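Visitor: Take this structure first; my questions come after.
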Amino acid sequence: MPIAVDIDVMLAKRKMSVGELAERVGITPANLAVLKNGRAKAVRFSTLAALCEVLECQPGDLLRFEPDGDAPATMP
(Lines give C-alpha, C1' and ligand atoms only; values in the text may rest on other atoms or scores of the structure.)
Protein backbone atom coordinates (compact mmCIF):
# COMPACT_ATOMS: atom_id res chain seq x y z
CA MET A 1 0.00 0.00 0.00
CA PRO A 2 1.46 3.37 -0.91
CA ILE A 3 0.43 5.02 2.40
CA ALA A 4 2.80 4.23 5.27
CA VAL A 5 1.71 4.73 8.88
CA ASP A 6 4.30 5.99 11.39
CA ILE A 7 2.32 5.79 14.63
CA ASP A 8 5.10 3.67 16.15
CA VAL A 9 7.57 6.51 15.63
CA MET A 10 5.36 9.00 17.45
CA LEU A 11 4.60 6.50 20.23
CA ALA A 12 8.33 6.04 20.82
CA LYS A 13 8.97 9.81 20.78
CA ARG A 14 6.16 10.35 23.30
CA LYS A 15 7.12 7.27 25.37
CA MET A 16 3.49 6.11 25.19
CA SER A 17 2.06 2.61 24.92
CA VAL A 18 -0.46 1.47 22.33
CA GLY A 19 -2.96 0.82 25.11
CA GLU A 20 -2.59 4.31 26.55
CA LEU A 21 -2.93 5.92 23.12
CA ALA A 22 -6.02 3.86 22.31
CA GLU A 23 -7.64 4.82 25.60
CA ARG A 24 -6.86 8.53 25.23
CA VAL A 25 -8.06 8.58 21.59
CA GLY A 26 -11.19 6.58 22.35
CA ILE A 27 -10.68 3.58 20.06
CA THR A 28 -10.05 -0.06 20.84
CA PRO A 29 -6.46 -1.30 20.99
CA ALA A 30 -7.37 -3.78 18.23
CA ASN A 31 -8.53 -1.00 15.90
CA LEU A 32 -5.43 1.04 16.70
CA ALA A 33 -3.26 -2.00 15.90
CA VAL A 34 -4.97 -2.36 12.51
CA LEU A 35 -4.19 1.28 11.75
CA LYS A 36 -0.69 1.15 13.21
CA ASN A 37 0.26 -1.95 11.21
CA GLY A 38 -0.91 -0.46 7.92
CA ARG A 39 -3.85 -2.85 7.44
CA ALA A 40 -6.57 -0.18 7.64
CA LYS A 41 -8.42 0.67 4.44
CA ALA A 42 -9.57 4.05 5.76
CA VAL A 43 -9.26 6.36 8.75
CA ARG A 44 -11.84 8.89 9.88
CA PHE A 45 -10.72 12.46 10.06
CA SER A 46 -12.05 12.60 13.63
CA THR A 47 -9.78 9.68 14.58
CA LEU A 48 -6.81 11.26 12.80
CA ALA A 49 -7.50 14.55 14.59
CA ALA A 50 -7.70 12.79 17.96
CA LEU A 51 -4.42 10.96 17.29
CA CYS A 52 -2.76 14.26 16.39
CA GLU A 53 -4.15 15.98 19.47
CA VAL A 54 -3.02 13.24 21.86
CA LEU A 55 0.39 12.80 20.21
CA GLU A 56 0.84 16.58 19.71
CA CYS A 57 1.74 16.19 16.05
CA GLN A 58 0.53 16.87 12.51
CA PRO A 59 -1.15 14.32 10.19
CA GLY A 60 2.04 14.25 8.10
CA ASP A 61 3.92 12.96 11.15
CA LEU A 62 1.66 9.89 11.15
CA LEU A 63 1.07 9.25 7.45
CA ARG A 64 3.35 9.39 4.42
CA PHE A 65 3.09 8.45 0.77
CA GLU A 66 5.43 5.78 -0.60
CA PRO A 67 4.80 5.18 -4.30
CA ASP A 68 4.96 1.58 -5.40
CA GLY A 69 6.42 0.45 -8.70
CA ASP A 70 3.00 -0.16 -10.29
CA ALA A 71 1.37 3.22 -9.72
CA PRO A 72 2.19 6.31 -11.77
CA ALA A 73 3.95 9.01 -9.77
CA THR A 74 1.62 11.75 -11.04
CA MET A 75 -1.98 11.94 -12.14
CA PRO A 76 -2.54 12.30 -15.91
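The values are calculated or read from the model by the stated rules, or taken from the named source; none is laboratory data. Model, not experiment: these values are computed from the prediction. Don't worry about glycine lacking a Cβ; one is built from the backbone with ideal geometry, like all the others, and counts go over all protein chains shown. SASA here: full protein model, heavy atoms, side chains in, ligands and nucleic acids out. Shrake-Rupley method; radii C 1.70, N 1.55, O 1.52, S 1.80 Å.
Visitor: Here's a check for you: in the range 1-16, which residue that is of a type in the set (D, E, K, R) and touching a helix residue (DSSP H, G or I) at 6+ places or on another chain (Cβ under 9 Å) is least open to solvent (accessible area, probe 1.4 Å)?
Guide: Taking the range 1-16 first, the residues of a type in the set (D, E, K, R) are 6, 8, 13-15.
Now narrow it down to the ones that are touching a helix residue (DSSP H, G or I) at 6+ places or on another chain (Cβ under 9 Å): 6, 8, 13-14.
On the way: D6: 27, D8: 81, K13: 134, R14: 91 Å².
Out of the qualifying residues, it is D6.
Visitor: Only one of C52, C57 is more than 9 Å from the chain's Cα centre (by Cα) and either loosely packed, with under 11 Cβ neighbours inside 10 Å or assigned to a loop (DSSP other than H, G, I, E, B) (or both); which?
Guide: Testing whether each residue is more than 9 Å from the chain's Cα centre (by Cα) and either loosely packed, with under 11 Cβ neighbours inside 10 Å or assigned to a loop (DSSP other than H, G, I, E, B) (or both) leaves just C57.
Visitor: Give T28, T47 a once-over and let me know the one that is open to solvent by 40 Å² or more (accessible area, probe 1.4 Å) and modelled with pLDDT of 95 or more.
Guide: Values: T47 fails: open to solvent by 40 Å² or more (accessible area, probe 1.4 Å).
Being open to solvent by 40 Å² or more (accessible area, probe 1.4 Å) and modelled with pLDDT of 95 or more holds for just one of T28, T47, which is T28.
Visitor: Going by what's in this entry, would G19 be described as assigned to a helix (DSSP H, G or I) and either at pLDDT below 95 or open to solvent by less than 60 Å² (accessible area, probe 1.4 Å) (or both)?
Guide: Numbers: assigned to a helix (DSSP H, G or I): yes; either at pLDDT below 95 or open to solvent by less than 60 Å² (accessible area, probe 1.4 Å) (or both): yes.
In short, yes.
Visitor: Another question, if that's okay. What are the residue pairs meeting all of these: first residue in the range 1-25, first residue of a type in the set (D, E, K, R), second residue open to solvent by 30 Å² or more (accessible area, probe 1.4 Å), Cβ atoms under 8 Å, and 6 or more apart or on different chains?
Guide: Within 8 Å, the pairs are D6/D61; D6/L63; D6/R64; D8/K36; R14/E56.
Visitor: Then there's this: Would you check if R39 is surrounded by 10 or more Cβ atoms within 10 Å (Cβ to Cβ) and modelled with pLDDT of 95 or more?
Guide: Working: surrounded by 10 or more Cβ atoms within 10 Å (Cβ to Cβ): yes; modelled with pLDDT of 95 or more: no.
No; evaluated as a whole, the condition is false for this residue.
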